[in-house]
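Colleague: Following this message is one structure expressed as structure tokens.
The values are calculated or read from the model by the stated rules, or taken from the named source; none is laboratory data. For clarity, every value in this text was computed on a predicted model and none was experimentally measured. Here the Cβ positions follow ideal geometry from the backbone for every residue, glycine too, while neighbour counts run over all protein chains shown. Ligands, DNA and RNA are stripped out before the accessible areas are found, and what is left, the full protein with its side chains, is counted by its heavy atoms. Shrake-Rupley method; radii C 1.70, N 1.55, O 1.52, S 1.80 Å.
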Amino acid sequence: MPPTTRRPPQPAAEETGRDLGLTRRVRRMTRALAEGYPDAHCELDFTNPLELSVATILSAQCTDVRVNLTTPALFARYRTAADYASADRTELEEYIRPTGFYRNKTTSLIGLGAALVEKHGGEVPGNLDDLVKLPGIGRKTANVVLGNAFDVPGITVDTHFGRLVRRWKWTDEEDPVKVEHAIGALVPRKDWTMLSHWVIFHGRRVCHARKPACGACLLYRDCPSFGEGPTEPDQAAKLVKGPEAPHLITLAERTREGYRPGKPTG
């Protein structure tokens with residue numbers, strides 16, 4: 001008798017269908033976000049990987065706006081990793097005091113500078129394994145630096161990102177690393193960095209934690225949590241924030257009329 005070829009176990013049809021449906025829904029929502037936020041970007045100001053690393057450390061428990069007001073003077077004073085490594089603690093604390101938790105952040109910045117000088121020739125490494133070993137650089141910060149300073153795709157799971165992907169039922173994971181892996185399996189790797197920006201922009205402008213602007217959201221057709229916020233368009237439109245507001249409200253209106261963002265018309 002010829003040897004029997006053993007087939008790998010197959011997922012149940014129900015599970016396969018659910019996974020396929022989720023993937024398609026994620027792709028539709030991703031296309032819509034891309035159309036809603038064509039200019040999405042890292043909202044921290046920087047000109048090189050070191051500046052982005054520092055700015056991201058400072059952004060913990062602080063708004064990007066506040067960080068951007070603080071960093072011009074900081075970056076003018078501390079230009080290299082060696083500058084941070086040899087910084088006078090009291091002076092550095094004063095530079096970054098407005099960002100909060102300045103003592104802990106000072107410790108991180110001095111440690112970061114020293115580690116870069118000692119182990120990486122004063123340069124920020126462009127890979128995840130080395131980045132996460134640096135003082136003050138966790139996985140979230142590493143992905144911000146990789147995606148925006150080195151063009152290495154990465155998913156940044158900050159508060160907005162985790163909150164929204166759970167609200168959208170893309171995943172029910174709570175741990176940021178598990179969220180990162182779950183979403184990475186649903187979205188092409190080339191889109192990871194931009195997806196992070198799109199989702200974060202949407203969380204700050206439309207899908208607010210306490211009162212999302214459901215009736216003015218371009219994702220409402222695919223959002224399983226539609227109705228957590230006001231659904232009446234005019235009322236919801238008042239909740240939309242940012243310079244993109246008119247564009248987003250217009251897209252939401254077109255979506256209510258049957259238009260699918262991300263799809264060609266005509």
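Colleague: Any idea which residue in the stretch 210-247 is most open to solvent (accessible area, probe 1.4 Å), counting only those that are of a type in the set (Lys, Arg) and outside any helix (DSSP H, G or I)? Talk me through it step by step, then tell me what you get.
Modeller: Taking the stretch 210-247 as the starting set, the residues that turn out to be of a type in the set (Lys, Arg) are 210-211, 221, 238, 241.
Keeping just the survivors that are outside any helix (DSSP H, G or I) gives 210-211, 238, 241.
Numbers: Arg210: 229, Lys211: 104, Lys238: 174, Lys241: 118 Å².
Restricting to residues being of a type in the set (Lys, Arg) and outside any helix (DSSP H, G or I), the top hit is Arg210.
Colleague: Answer yes or no: is there a residue in the stretch 76-97 that is part of a helix (DSSP H, G or I), in contact with a helix residue (DSSP H, G or I) (Cβ under 8 Å, 6 or more places away or on another chain), open to solvent by 20 Å² or more (accessible area, probe 1.4 Å) and closer than 27 Å to Phe201 by Cβ.
Modeller: Checking the stretch 76-97: not a single residue is part of a helix (DSSP H, G or I), in contact with a helix residue (DSSP H, G or I) (Cβ under 8 Å, 6 or more places away or on another chain), open to solvent by 20 Å² or more (accessible area, probe 1.4 Å) and closer than 27 Å to Phe201 by Cβ.
Colleague: Which of the residues that make up the stretch 143-165 are within 24 Å of Val26 (Cβ to Cβ) and assigned to a helix (DSSP H, G or I)? Let's see the steps before the verdict.
Modeller: So the first thing to find is which residues in the stretch 143-165 are within 24 Å of Val26 (Cβ to Cβ), and the list is 143-144, 146-148, 151-165.
Selection gives Asn143, Val144, Leu146, Gly147, Asn148, Thr159, His160, Phe161, Gly162, Arg163, Leu164, Val165.
Colleague: Still on this structure, please answer the following. Quickly run through the stretch 166-208 and pick out the residues that are in a loop (DSSP other than H, G, I, E, B) and open to solvent by less than 60 Å² (accessible area, probe 1.4 Å).
Modeller: Trp168, Trp170, Thr171, Leu186, Val187, Pro188, Val206, Cys207, His208
Colleague: Taking the stretch 31-58, which residues are buried (at least 20 other Cβ atoms within 10 Å of the Cβ) and hydroxyl-bearing (Ser, Thr, Tyr)?
Modeller: Selection gives Tyr37, Ser53, Thr56.
Colleague: If you don't mind, another one. Mind checking which residues of the stretch 114-131 are of a type outside the set (Asp, Glu), over 21 Å from Asn143 (Cβ atoms) and assigned to a helix (DSSP H, G or I)? Can you show your working first?
Modeller: So the first thing to find is which residues in the stretch 114-131 are of a type outside the set (Asp, Glu), and the list is 114-117, 119-122, 124-128, 131.
So of that shortlist, the ones also over 21 Å from Asn143 (Cβ atoms) come out as 114, 117, 121-122.
Once the filter is applied, which keeps residues that are of a type outside the set (Asp, Glu), over 21 Å from Asn143 (Cβ atoms) and assigned to a helix (DSSP H, G or I), the stretch 114-131 yields Ala114, Val117.
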